[in-house]
Amino acid sequence: MLPKKINDRKLKLTYENTIISGPKGVGKTFLVFNFLENFKGKYKYIDFADYREKNFDFSDTELVILDNFDFSIDLPPVTTFIITDQAVKLDGFKNIELKALDFEEFFSFDNSQSITHSFDKFLKTGNLPRSLFLEDYFKEEYLRETFELLPYNKEILKFYFAHIGEKFTLYQIYQILKKRIKISKDSFYKTTNELIEKKVIYEVNKFNSPKSPKKFYSYNFAFKNILTNRKNILFTFENIIFLELNEDEIYYKDTLSFYIPNKELGIMVMPFANEEILEEKLKKVKDVKKVQVITVSNEFDFEHKNFEVEVTPFWQWRFAE
């Protein structure tokens, strides 16, 4: 069953002090201007990335929006929206952490009549909202511009974005990078921790094995396309599925792409699954009640004596009730 079309982001703003945080390009400012369409009061918008002189007179103003806020001024004495990439908490402020579009939102914004065609665009375009409204020949340029505007060491970013889904220890990554650039171990670990804290990248540990290599995923899986010629639909597909999972604890196992222990649920990402390969892989799976096998388009029934197995195309898995 397909979802009903929605014309807005799932997260909604209300008239209260709010910090909207998230990485570059996920739609933080768009979320605010969507709210302003139905706001009847007087507001003032200040972009701290704008070099022009700013007016900080907040009298006769009911709502203030501080975009790219650098916390260089005292907060105004009225309801305030702060837009930032920093993970900050302030007394009296609600926090919203905005991610890029999930596939349901992408599909609702897209003009494709076919959900499979929309998913093809999702794979190529990525999940940043603005990409949907650009002509095809501008989309790569926009990705490059967005990447360049991310305020982090570009070689570290390139590594994580180009190697989504692959397994590395942090020490291994540091050893690789120090052969390419001059970088200290402290600087590398500090940057990596900041990227994780600000949800630019995500790390996934092996279940019950925190010292084992980790998997890393990007907040926008399409950055890989502008950083490497190495195409791997499995890792890109894994990244997409990871971002769709709304779970507090996600791990991987040698036998499973993802493992959610509190549900005893295993997830196998197999873009082009067939019964023979699946049967072989399932022989090694243990300690689950159910395995979801997510494909690009394949669907078939599969019986297993020890646990439930469900093989579904991505769009069907994503919109299952």
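Can you give the FRET efficiency for residue 230 and residue 95, using 1/(1 + (r/R0)^6), R0 = 35 Å, r = Cβ-Cβ distance, to the nearest 0.05?
The pair residue 230/residue 95 has a calculated efficiency of 0.40.
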Fill in the blank from the handout: Taking placed amide H atoms and a strict 5 Å upper bound, the residues 5 or more places from residue 252 or on another chain that come that close are 205, 206, 207, 259
Practice task
Taking H placed 1.01 Å from N in the peptide plane, check which residues at least 5 places from residue 311 or on another chain put their amide H under 5 Å from its amide H.
Solution key: 293, 300, 302
Problem - Solvent-free Debye scattering, log10 I(q)/I(0), computed from the Cα coordinates of the chain at q = 0.08, 0.09, 0.15 Å⁻¹ - result: -0.43, -0.54, -1.33
Handout entry: Mean residue ellipticity (222 nm) of the chain, computed from DSSP H runs ≥ 4 via -39,500 (n - 2.57), nearest 500
Key = -9000 deg cm²/dmol
Problem - the chain - accessible surface per residue (Å², probe 1.4 Å) - result: 54
Problem - Cβ-placed point charges (K, R +1; D, E -1), dipole of the chain about Cα centre in debye, nearest 20 - result: 1140
Practice task
Scale the Cα Rg of the range 18-97 by the rule-of-thumb value 2.2 N^0.38 Å and send over the ratio, two decimals.
Solution key: 1.04
Practice task
List the extent of the Cα atoms of the range 112-174 along each of their three principal axes, largest first, rounded to whole Å.
Solution key: 47, 25, 16
Practice task
With only Lys, Arg, Asp and Glu charged, each at its Cβ (+1 for the first two, -1 for the last two), find how big the charge dipole of the range 245-320 is about the Cα centre; round to the nearest 20 debye.
Solution key: 160
Completion exercise
Applied in sequence order to the range 255-272, the curve 6.51 cos²θ - 1.76 cosθ + 1.60 (Karplus, θ = phi - 60°) yields integer Hz couplings, x standing for Gly and Pro, of 9, 9, 4, 9, 9, 10, x, 5, 10, 6, 10, x, 10, 10, 9, 9, x, 10
Problem - Listed pairs 121/289; 28/94; 178/224 exceeding 24 Å between Cα atoms - result: 121/289
Problem - Exceeding the 23 Å Cα-Cα cut-off - candidates 182/253; 24/253; 158/185; 158/198; 215/263 - result: 182/253; 24/253
Fill in the blank from the handout: Of the range 184-228, those with amide N under 15 Å from the point 7 Å along the Cα→Cβ vector of residue 134 are 220-227
Practice task
Would you mind putting 120-127, 195-202, 268-275 in packing order, based on average other-beta-carbon counts within 10 Å, highest first?
Solution key: 120-127, 195-202, 268-275
Problem - the range 26-60 versus the range 77-127: alpha-carbon centroid distance in Å - result: 19
Exercise for the section: Work out the FRET efficiency for residue 185 and residue 12 from their Cβ-Cβ distance, taking R0 = 51 Å, and round it to the nearest 0.05. Expected result: 0.75
Fill in the blank from the handout: Summed over the other residues with a beta carbon less than 12 angstrom from that of residue 236, with K and R at +1 and D and E at -1, the charge totals +2
Practice task
Quick one: what are the phi-derived ³J(HN,Hα) couplings along the range 61-72, Karplus 6.51/-1.76/1.60 with θ = phi - 60°, whole Hz, x for glycine and proline?
Solution key: 10, 9, 9, 10, 10, 10, 8, 6, 5, 10, 6, 8
Practice task
Would you mind counting up the charge near residue 199? Only other residues with Cβ under 9 Å from its Cβ, with Lys and Arg at +1 and Asp and Glu at -1.
Solution key: 0
Handout entry: Rough spin-label spacing in nm, given labels placed 7 Å along Cα→Cβ, for residue 299 and residue 56
Key = 5.8
Fill in the blank from the handout: Carbon/sulfur accessible area of the chain, % of total, 1.4 Å probe, equals 47
Handout entry: Nearest-ten-degree value, helix 185-197 long axis tilted from longest Cα axis of the chain
Key = 80
Handout entry: Highest to lowest packing among 216-226, 88-98, scored as the average C-beta count within 10 Å
Key = 216-226, 88-98
Exercise for the section: Assign one of three labels to the range 245-320, namely rounded, prolate or oblate, based on the Cα gyration tensor with a ≥ b ≥ c the square roots of its eigenvalues; rounded applies when a/c is under 1.5, prolate when it is not and a/b is larger than b/c, and oblate otherwise. Expected result: oblate
Exercise for the section: Based on alpha-carbon positions alone, could you give the equivalent ellipsoid semi-axes of the range 27-146 from the gyration tensor, as √(5λ), descending, whole Å? Expected result: 33, 16, 14
Exercise for the section: Name the shape class, rounded, prolate or oblate, that the alpha-carbon gyration tensor gives for the range 189-252, where a ≥ b ≥ c are the square roots of its eigenvalues, rounded holds for a/c under 1.5, and otherwise prolate holds if a/b is larger than b/c and oblate otherwise. Expected result: prolate
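The values are calculated or read from the model by the stated rules, or taken from the named source; none is laboratory data. What you see is a predicted model; the values in this text were computed from it and never measured. Every residue, glycine among them, receives a Cβ derived from its backbone with ideal geometry; neighbour counts consider all protein chains shown. Surface accessibility is based on the protein's heavy atoms, side chains included, excluding ligands, DNA and RNA. Shrake-Rupley method; radii C 1.70, N 1.55, O 1.52, S 1.80 Å.
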